[in-house]
1. If you take just the strands (runs of 3 or more DSSP E) that sit entirely in the stretch 303-407, which of them hold at least 2 residues that are more than 30 Å from LYS438 (Cα to Cα), open to solvent by 50 Å² or more (accessible area, probe 1.4 Å) and among the aliphatic types (A, V, I, L, M)?
2. Checking the structure you have, find out if any residue of the stretch 496-514 is surrounded by 15 or more Cβ atoms within 10 Å (Cβ to Cβ) and in contact with a helix residue (DSSP H, G or I) (Cβ under 6 Å, 6 or more places away or on another chain).
3. With the condition being among the β-branched types (Val, Ile, Thr), I'd like the strands (runs of 3 or more DSSP E) fully within the stretch 36-128 carrying at least 2 qualifying residues.
4. Take the residues of the stretch 151-160 that are surrounded by 13 or more Cβ atoms within 10 Å (Cβ to Cβ) and not charged (D, E, K, R): which is farthest from the chain's Cα centre (by Cα)?
5. Being open to solvent by less than 70 Å² (accessible area, probe 1.4 Å), at pLDDT below 90, of a type outside the set (Phe, Trp, Tyr) and not in a loop (DSSP other than H, G, I, E, B) narrows it down to one residue among GLY277, GLY273; which is it?
6. Of all residues in the stretch 39-51, count the ones that are in contact (Cβ under 8 Å) with a residue 40 or more places away in the chain, open to solvent by less than 70 Å² (accessible area, probe 1.4 Å) and in contact with a Lys or Arg (Cβ under 9 Å, 6 or more places away or on another chain).
7. Which members of the stretch 61-91 meet the condition of being open to solvent by 50 Å² or more (accessible area, probe 1.4 Å) and hydroxyl-bearing (Ser, Thr, Tyr)?
8. Given the criteria open to solvent by 80 Å² or more (accessible area, probe 1.4 Å), of a type outside the set (Phe, Trp, Tyr) and either modelled with pLDDT of 90 or more or in contact with a His (Cβ under 8 Å, 6 or more places away or on another chain) (or both), does ARG240 qualify?
Amino acid sequence: METRNSEEGLKRQVLSLILSVCVLGLRAETLRYVVIEETGSGSFVANIAKDLGLKAEKLSARQGRLISEGKKQYFQLDRSTGDLLIQEKMDREELCEQIDPCLVPFEILLQNPLQSYRAEVSVYDINDHSPVFLNNEFLLKIPENTMPGHRFLLESAQDLDVGNNSLQNYSIGSNNYFQIYTRDRSDGRKYAELVLEKPLDREEKPEISFILTAVDGGSPPRSGTARVRVLVWDINDIIRYFLDYLLVSVSATDLDEGINGEISYSIIQNVQGMDGGGLFAHCKVIVEVLDMNDNAPEVTTTSLTSPIPENSQPGTVVALFHVRDRDSGDNGKVVCSVEDGLPFTIRAVSKHSCSLLTESTLDRERQPEYNITITAHDLGSPSLATAVTITVTISDINDNSPLFNETPYTMYVRENNGPGKKIGKVRAIDSDSAENAKVTYSLLPSEVGDLPALSYISVNSENGNVYALRPMDYEQIRTFQVTVRAADGGTPALSSEVIVRVVIIDANDNAPFILHPLQNSSSSANDLVPRSAEAGYLVTKVVAVDGDSGQNSWLSYRMLKATDPSLFSVGSHNGEIRTTRPLNERDSFKQKLLILVQDNGEPSLSTTATLTLLVVDGFSDTYMQISEVPREEDSTLTLYLIIALAMISLRKLSEKCNSACGYFYGDNGFPTTLIDVNGMRTLSQPYQYEVCLTNGSDNREFKFLRPITSSKDVKSTYEFSFSSFSLNL
């Protein structure tokens, strides 16, 4: 309880001293404070803002901070108030060992402009350590013929405290032979000297034992003990030798003669000379040690800011170094430098510190990290140097937009695809890092036909995968494009956009459709064949279309069944029905043909056409009436099919020759593929085909097929009647 009261009293005295602490002027740029060791974390030390003549808000605006010269940061600065607080308890003995006063230096760094103020805190000792002997027992071997008055040095006890709290005196337990004396060394420390008071007799007492006690000066005092054992020997056969080094010779003269003129020398604080008569004189010997440049500079990194943002302005403080050289004169003067070719420079802040600053702009994407070597060399001859390397990482700012690896993208999807099918992937790379490089994808609003693009495709926001949301129909939409945006996660976000073109691949999902002869009427159409026709005579033509494209729309024709298979043949690529031999009287008046029309898809689709051919001797009105059928009121389907054929033909015509109507001749210089919507030669080259759509004609079927001439090598014309406009193919 007494110890606690004494420590509390000392704390009050020190706190009182703190309130009246003498702060040196800013010209010396040093602030000094006092604290007691083991003071708790968060305790108040002083108000630095007030001592620097600054308001607290100014201290905060200038980003005031503390730079410790050691590995630990024992103090913290409250920028809002300017108070200096204890951050971590301090053990004076751990910090300074036996050095007194114990000083903890640090620097106060202010920016804009850069200023550094040196400060130090003196840590007061409390009596928290007892004297301790390194060994619990000492053994002395003393010859029995040793004369009384002989002195023996004992091992000193160690007390980590300083001042009055350190070791003050020694004592020994009661015995008949020895006394203990406490002596002072030149450095102020105490040591024990054992003095023989009574002659030893091995036969009477071969061993002597007692307790040695060391006591400090604290209140209350602390102590430590060790046992001393003395063994008495018969003879002393130990001879000790010392090696001496001649440092200086002193000389004194005495005018007396004989023994009175003989001088003996000894050191008692100063050098003493004494003659045989007991007279003495003193002199002081001053030994000056000349410095050699045998110590390299010591460099300690006291502050390091890493990472630093890549948009840091030139002149930004990156690191602070404490520099010391234990030599003196020019040998102790230190100059710091940094290697060339780096965007950094070194600048002296005070006598013992320098700072590393940015000298030019930084770019993380070009150089994300620097290994910087700071060299401190003294001015001795030869010069000694120390190098320290620090690593400074450059942190990212959002200064780069995502970049797509393609532009534009083209993706393909087969029609009739399943919903949710992945059709491709977009990818953008952002050269920034962390959140600034995290890319998210989105689809910009647009329309495909009459529907929003979002109803056709979607893009995964995280990985850029593109999916088809609905089945595609090549016959409705063959290609469309959308815009995808890639945005990073920075603040504010940066973005870029890319066009994605989606191409629909045709699937063979449409069977050939027979345009002629019409297959949906109540009775089949009839074509006339003159009985006088020779072999190769063009009787009629099966006209079919396929809604698919490419090879899926390539059509081939084959005869499945005929009344007389030897009489007619069908062109495999053009559907032309021709006679294979001359007709004779035995041939039936009515011939029926079943024609298979097949596309080239995988798998292929097909349909059949039934033709009725009438063999006649001539083309009179009587025979023409045979093919008449009752007019149907509802022929909408036929109408639509004819319109579709007309529109497709018009489109091809406008693309190739910028004309909406005309005659196409396979042998007169016009392209032979103009008649085919999909680029397939479905009509034979040696013939001219004429389709005439006139007013008042029946809109559901071909009215008649009329040859221009009867020669098989001359052109033939087919006339289709419909509506009020004319389309010539």
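The values are calculated or read from the model by the stated rules, or taken from the named source; none is laboratory data. Only a predicted model underlies this, so the values are computations on that prediction, with no experimental measurement involved. In this analysis, Cβ positions are derived from the backbone assuming ideal geometry, glycine residues included, and neighbour counts consider all displayed protein chains. Keep in mind that these areas ignore ligands, DNA and RNA; they rest on the heavy atoms of the full protein, side chains included. Shrake-Rupley method; radii C 1.70, N 1.55, O 1.52, S 1.80 Å.
1. Numbers: elements: 317-324, 334-338, 344-350, 353-358, 369-378, 385-395.
Ranges flagged: 385-395.
2. For the stretch 496-514, residues surrounded by 15 or more Cβ atoms within 10 Å (Cβ to Cβ) and in contact with a helix residue (DSSP H, G or I) (Cβ under 6 Å, 6 or more places away or on another chain): present.
3. 102-110, 115-124
4. PHE152
5. Unique residue meeting the criteria: GLY273.
6. Counting residues in the stretch 39-51 that are in contact (Cβ under 8 Å) with a residue 40 or more places away in the chain, open to solvent by less than 70 Å² (accessible area, probe 1.4 Å) and in contact with a Lys or Arg (Cβ under 9 Å, 6 or more places away or on another chain) gives 2.
7. Correct list: SER80, THR81.
8. Against the criterion (open to solvent by 80 Å² or more (accessible area, probe 1.4 Å), of a type outside the set (Phe, Trp, Tyr) and either modelled with pLDDT of 90 or more or in contact with a His (Cβ under 8 Å, 6 or more places away or on another chain) (or both)), ARG240 does not qualify.
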